[in-house]
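The values are calculated or read from the model by the stated rules, or taken from the named source; none is laboratory data. Source: prediction; values computed, not measured. Note that each Cβ is placed from the backbone with ideal geometry, even for glycine, and that neighbours are counted across all protein chains shown. With ligands, DNA and RNA removed, areas are computed over all heavy atoms of the protein, side chains included. Shrake-Rupley method; radii C 1.70, N 1.55, O 1.52, S 1.80 Å.
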Amino acid sequence: DIQMTQSPSAMSASVGDRVTITCRASQGISNYLAWFQQKPGKVPKRLIYAASSLQSGVPSRFSGSGSGTEFTLTISSLQPEDFATYYCLQHNTYPWTFGQGTKVEIK
Amino acid sequence: EIQLVESGGGLVQPGRSLRLSCTASGFAFGDYLMSWFRQAPGKGLEWVGFIRSKAFGGTTEYAASVKGRFSVSRDDSKSIAYLQVNSLKVEDTAVYYCTRDGSGSYGALRALDIWGQGTMVTVSS
């Protein structure tokens, strides 16, 4: 199975901060990597697909990069509505696997 | 409107079964792989299994934690995907979500982009 190591698991940040979340795959997954945002009690929302493509309607402060085994989600200027948990998912090889999640909290 | 609606969850005793449904609307259901995910209370997301479209053989794959107990099927004439969950365990308690993946026919744009609202399964005696 492909392990997705996501870091950090939690972080405190302030509005306006630049936030970077990383996922490392235990083997190459090409660009079959998506990033999701989930708020408490809500359905996961896809932010990024194919590692670096921005989902329609998602603010441009979100961006994704990487290929192969190293991937990054960046929020260029954190906004109040961005406080949530973020997950990466590899869907290159089954079993599809998620990172452990990153909870972004208000500092 | 493109939509997925799950149903069939509830409170069930350990060892019993349930059939969850995912009813799709607003898109060409038959073109899509349909996948199930779950999330236990306070925990992260977990992939459960999927069924490919008929064009890709209609075959299924499962997570090791549910293989042999869970089964995904589909009825393209009704635009419904099913998750049959048997021999339920307390640790199967979770919200179950269905999603679509059209990457085989439409590319990554339509991969895991639409999620249902989820249906809660509680396994308890």
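Below, the figures for the structure above:
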{"read-out": "A versus B: buried accessible surface, summed, Å² (probe 1.4 Å, to nearest 100)", "value": "1600 Å²"}
{"read-out": "Counted charge near A:Thr93, where neighbours are those whose Cβ lies closer than 15 Å (Asp, Glu -1; Lys, Arg +1)", "value": "-2"}
{"read-out": "Carbon and sulfur %, accessible surface of chain B computed with the full protein complex present, 1.4 Å", "value": "49 percent"}
{"read-out": "DSSP-defined antiparallel bridges as percent of all bridges, chain B, nearest 5", "value": "90 percent"}
{"read-out": "Gaussian network model of chain A, springs between alpha carbon atoms under 10 Å - residue of A:Gly68, A:Gly16, A:Gly28 with greatest fluctuation", "value": "A:Gly16"}
{"read-out": "Proportion of all alpha-carbon pairs of segment B:1-98 beyond 21 Å (%)", "value": "30 percent"}
{"read-out": "Equivalent ellipsoid dimensions for segment A:1-102 as semi-axes, Å, which come from the Cα gyration tensor, largest first", "value": "21, 13, 13"}
{"read-out": "Solvent exposure ordering (accessible area, 1.4 Å, most first) of B:Asp31, A:Asp1, B:Asp101", "value": "A:Asp1, B:Asp31, B:Asp101"}
{"read-out": "In Å², nearest 10: area of B:Glu91 left accessible to a 1.4 Å probe", "value": "130 Å²"}
{"read-out": "Mean accessible surface per residue for the protein assembly as shown, computed with a 1.4 Å probe while every protein chain stays in place, in Å²", "value": "44 Å²"}
{"read-out": "Percent accessible area from carbon and sulfur atoms, chain A, protein chains only, probe 1.4 Å", "value": "45 percent"}
{"read-out": "Segment B:46-125 and segment A:73-91: distance between their alpha carbon centers, rounded to Å", "value": "25 Å"}
{"read-out": "222 nm mean residue ellipticity, helices alone, for chain B (DSSP H n ≥ 4; -39,500 (n - 2.57); rounded to 500)", "value": "-500 deg cm²/dmol"}
{"read-out": "Over segment A:1-104, relative contact order from alpha-carbon pairs under 8 Å, at least 6 apart, %", "value": "38 percent"}
{"read-out": "Reciprocal mean inverse distance between Cα atoms of the protein assembly as shown - Kirkwood radius, Å", "value": "18.0 Å"}
{"read-out": "Area accessible to solvent at B:Phe56, 1.4 Å probe radius, in Å²", "value": "110 Å²"}
